[in-house]
Each structure stands twice: as C-alpha cells, then as structure tokens.
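These notes concern the structure reproduced below.
The values are calculated or read from the model by the stated rules, or taken from the named source; none is laboratory data. All values reported here derive from a predicted model rather than from experimental measurement. Ideal geometry is used to build each Cβ from the backbone, glycine not excepted, and the neighbour counts take in all protein chains shown. Note: accessible area is taken over every heavy atom of the protein model, side chains too, but ligands, DNA and RNA are not part of it. Shrake-Rupley method; radii C 1.70, N 1.55, O 1.52, S 1.80 Å.
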Amino acid sequence: MDVLRASSSIVSAPSVLTTNTQFHKPTFLLKSGIKSSFNPLHRNPSKSRLFTTLSSSPTTESVEPPLPEIEIDDDGKEKFDWYSHWYPVMPVCDLDKTKPQAKRILGLDLVVWWDRNENEWKVFDDMCPHRLAPLSEGRIDQWGRLQCVYHGWCFGGNGDCKLIPQAPSDAPPVHTFKKACVAVYPSTVQNDIVWVWPNADPQYKDIITKKKPPYFPALDDPSYTKLMGNRDIPYGYDILIENLMDPAHIPYAHYGVGRIPEPEVKVDREGGRPYEMQVKKLDINGFTGKQDGTNSFFIAPCIVHSYVDDGTDPMADQGDGSAASSESRKAPPPNRSLSLIFMCVPVSPGNSRVIWTFPRNFAVWIDKIVPRWMFHIRSNLFFDSDLYLLHFEDRKIMEIGVTNWQKACFVPTKSDAFVVGIRRWFNKYAGGEIDWKGKSSGALLPSPPREQLMDRYWTHVVNCKSCRTAYKGLNALEVMLQIMSVVSIGIIAATKQNMMSMVARTAIVSTAIICFAASRWLAHFIYKTFHYHDYNHAVV
C-alpha cells in the first residue's frame, strides 16, 4: 500500500489520494493468442518450493545471507528469448507525426515515423541502405514517404525504396532491388503506446495475429485518467526493474517527495519499517508477489504492475486474447481504483527507458485542467532523487558481475524479497545478462559530471510533447519580461521629469523591477524544472 501511495504522488495532484480511498483491482489481460504459463490473475496449483524462508533476524553464523521463499513453476531449463517479445517504444501523445524520431531498444537503432498513406506508425532500421546515414535525421516528404536527407532516397511504409534521385530514368530500376530496401520491424499501437517486435525477419511480419503486447483495459476506459510520461535513465534495465519493485527505499531515497504513512513505531526520521513481502510464483514469464495487501507483477521483459488487492474477482481473460467489450469498458466503476504501471525498456548497457502511467477512476477532472507537464515536475524529481545512487550501483554490479550479485549484496530481510526475485529470474532464465546480439560490447562509458548525468532536457523534455511546449512558452515569457523591464527603464530615461507625475514614474519603475525580478525567478524555475534539479540527501 505504501508504494502505491508514494509512487502515485509523482504524477497525481496532492488532493488525489486520501486515506479513505478504496482501491479496486484493475483487470490485466495478456492479449496474446499464444497461451502463456504465466498469468498474474491465475495461480498454478503445481508449485515446487525452493530456497529457504527468509529470516528477519540473521545471525553471524550464516555463511550465505538467507533468501526469501520463492515458488518456481518449472525447472528453469528454458532460455528467455529477448527478441521474441513486444517492447514499448513511446506513448503516441509524445510522438510527432511531422518528422521521424530515433529510438534505441536492445541496442537496435530504430526510427519511428508516421506513414500517412497507411495511417500507421512504422518502425524501421535507422540506417539508409545507401551509405548508412541515420533515417531519423531525415524528413517525411510531400508524398508521405520517409526521405534520407543525405542523398534523397525515399522509402514507403513497407521499407521499399520509392526513389533514387541519382538513378537515370532510362536505366534499370535499381530502386526495386532488395538491397535498396530498409528493414521493417513489426509494430502496433495498443493502449495509446507504440510497440515494436525487435526482429525484422519476414517470418514475424504478422506476429501481431499470434502474439500481442500486454493489455491494460483501464488505459482504454474513458472513465479512467491515463496521464503518461517517459524518461531515459542512465543506469541499466535490471537496476531499473529491481528499484521499481523495492518499496523499502522510498522513505529514504525519495524523502520529502512521496507521501508515506508513518509507522506505529518510528525508528528514524524517515519512518522506515519492516515489509511483509513474498514472491508467490516465478517462471520464465516473470513472477507474482504480494506485499502488505498489494499485488505486484513482473511481466517479462518490460512490465512492473502493482495494485491493491480488495478481494474482487478480476475480469476473465478472453479466449482469443481480445479486450473486453466496449460496453463493459464504458461502464463506470463502482469504487475508486488506482494501479501503477511501469514499462521498462533495455536501451543499451548502462542505459534504459521507463514509460509510466497510473490509471485511476477518481479525480479525473484534475488531469483535464492541469497540464501534463506540471505532473511531470514531481515525476522527474522522483527519478532524480535516487538517480545518482543507482547509476553508481549499476557500475558496481557490472564490476563484480551480475551473476555474483547474491554474494556481493547482503539481503537479510523480507523487504528485499522482490529484488531477490528479480535477480533469481534474471540469472535463472536470462543467464544474468541481456542478449545484445553483438550490438554492444557491454562496456560502460565513464560517468559524466553530476549535472550532466541528471540532465532532464535531453532525457525527458525533448521526448515529451507537453514539457517541450511548456519549455518554449516559458522561455518566451522570460524574454518578454526582460523586454518589458528594459522598455520601462527606457521610458523613464527618455521622459523629462516635469512631463510625468511622480505617481506614474513610481509605477513604471516598480513595473520594471517586478518584470526583472519575475524574469530572474522564471529563469531559475525553467532551469530547475527542465534542465537540472539536484537532490542533496544530506540537507533535505
């Protein structure tokens, strides 16, 4: 419950969450035609209990730290295939239909663009077959084709080359050759998010008919709010996943950002306490967990999903993986419902991306009045407050080796159960590492200065339509305030003293001072909101 209350505050207005709110379990459907052995809404009675029960009071006699009790449903011989799953690219609300945009997933350089001829978002290999220039630096021409601006080659929605300007009209049509085509990745839009299948092999062209991305009915329900955000993170995918499933760090790493109910016995300023956490089931598709009435799921490879269990029965999964009918989705929920949905994307070693949304069916009017960028102020501060810690934690784990995590880290309490579950899954099914398929050497670049590491502009603002628009508008307002200040002083200087009353002169001088002060305050606000806002744990 604490993690729901605290995390929801990073996007919700202060008045949204109250202690009287009743939470209801949102339905989660794996929209897939392939039957999966992992379903967060159904439990498998056949379970083998491995590992010892976690002790809350370890002794010095222990050779290895005690591990939480984890129920595993298979023998772990199956290998997780990173390239046989859907990955979220970006929310549609943050994509621009007028130009191509670059994204990296699993070390693959991709370009996302709007094909107006087919009214679809397309995801291509971000490389022109001519001289390997990035297509994301190109443009969409007047015929709706993706054009490489290096030599003007144009491509259609199927990756086929439509035009090579340098080819003579009376010569063989070299643009029709297979080598002139661009690799196209299967893509789809679901829950207002563009998803990609990271394998351009023609056999996966119609993969959407066999396997679909995870589906969240609340995100298509008009009675729910579904503000989304995204940010590039300078630490690895595995660190991002385990951090999002670690409620015990919130009172400390995010002190003063999230609202945490005080425990009955307060042992320190922050109010940390023991957590009753248990991993219920773990298999190749992820795991389910429970913590103080909160259900948590890790749906491999991308989804971290939490909600409060109120005992209601979830909607039954459709046999064909389809969503519930529009009539059932439009029916207003009888009680308040809130869940946390994080979508975590492996970008490259030491880099990841997170897309978040917290659908709720109460106080929806707030999101219609308050612009989205204002919610992102708190969201970014939430990520900033532990970003520096996690960046260097990632590097320490890379030094010791991810498979040696258990030996290096001491995790003696139940509060680390989900983190241990993530590491168990990662080591058991993925061999402790992401398969980059040669797209990355695995080496990490040197850590940049703190201000550059925690930069918000290039990791969020340029990728968020709402924040980008606000940034331009507030900068224009700052310039206007400076101009008004200078003009006011100019009027005073150009006007003879006996031609203006003292009252008018005082009013103009006051206006100049106020405009100048407002412009300085606004400049500081813009910098802290859209560029860099440090979080010093020692003085908070």
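Scanning the range 512-529 for any residue that is open to solvent by 60 Å² or more (accessible area, probe 1.4 Å), touching an Asp or Glu at 6+ places or on another chain (Cβ under 6 Å) and within 30 Å of residue 386 (Cα to Cα) turns up nothing. Take residue 478 and tell me if it is acidic (Asp, Glu), without any contact (Cβ under 8 Å) to a residue 60 or more places away in the chain and in a loop (DSSP other than H, G, I, E, B). No: the conditions fail for residue 478. The residues in the range 204-213 that are open to solvent by less than 50 Å² (accessible area, probe 1.4 Å), more than 22 Å from the chain's Cα centre (by Cα) and within 16 Å of residue 120 (Cβ to Cβ) can be counted, and the count is 1.
Do the conditions hold for residue 436, that is, is it buried (at least 16 other Cβ atoms within 10 Å of the Cβ) and at pLDDT below 95? In short, yes.
Quick one: is residue 373 in contact with a Gly (Cβ under 8 Å, 6 or more places away or on another chain), surrounded by 12 or more Cβ atoms within 10 Å (Cβ to Cβ), in the same structural domain as residue 352 (by the TED database) and assigned to a helix (DSSP H, G or I)? Criteria not met by residue 373. Being open to solvent by 50 Å² or more (accessible area, probe 1.4 Å), assigned to a helix (DSSP H, G or I) and not aliphatic (A, V, I, L, M), is that true of even one residue in the range 215-228? Scanning the range 215-228, I find at least one residue that is open to solvent by 50 Å² or more (accessible area, probe 1.4 Å), assigned to a helix (DSSP H, G or I) and not aliphatic (A, V, I, L, M), so the answer is yes.
The set of residues from the range 244-287 being open to solvent by 20 Å² or more (accessible area, probe 1.4 Å) and within 30 Å of residue 431 (Cβ to Cβ) comprises 244, 246, 248, 249, 278, 280, 285.
For residue 380, the criteria (1) touching a Lys or Arg at 6+ places or on another chain (Cβ under 8 Å); (2) more than 29 Å from residue 290 (Cβ to Cβ); (3) open to solvent by 30 Å² or more (accessible area, probe 1.4 Å) hold in every case but one, which is (3).
Here residue 433 passes the criteria (1) farther than 26 Å from residue 301 by Cα; (2) in contact with a helix residue (DSSP H, G or I) (Cβ under 7 Å, 6 or more places away or on another chain) except the one numbered (1).
Screening the candidates 405, 436, 425 for the property of being in contact with a Leu (Cβ under 8 Å, 6 or more places away or on another chain), aromatic (Phe, Trp, Tyr) and in a helix (DSSP H, G or I) yields one hit, 425. Based on what the data block shows, is residue 487 more than 20 Å from residue 257 (Cα to Cα) and surrounded by fewer than 18 Cβ atoms within 10 Å (Cβ to Cβ)? So residue 487 passes the test. Just so you know, in the range 157-203 the residues that are surrounded by 15 or more Cβ atoms within 10 Å (Cβ to Cβ), of a type outside the set (A, V, I, L, M) and not in a loop (DSSP other than H, G, I, E, B) include one that is nearest to the chain's Cα centre (by Cα), and it is 195.
Of note, residue 536 satisfies the criterion of being under 27 Å from residue 372 (Cα atoms) and surrounded by fewer than 16 Cβ atoms within 10 Å (Cβ to Cβ).
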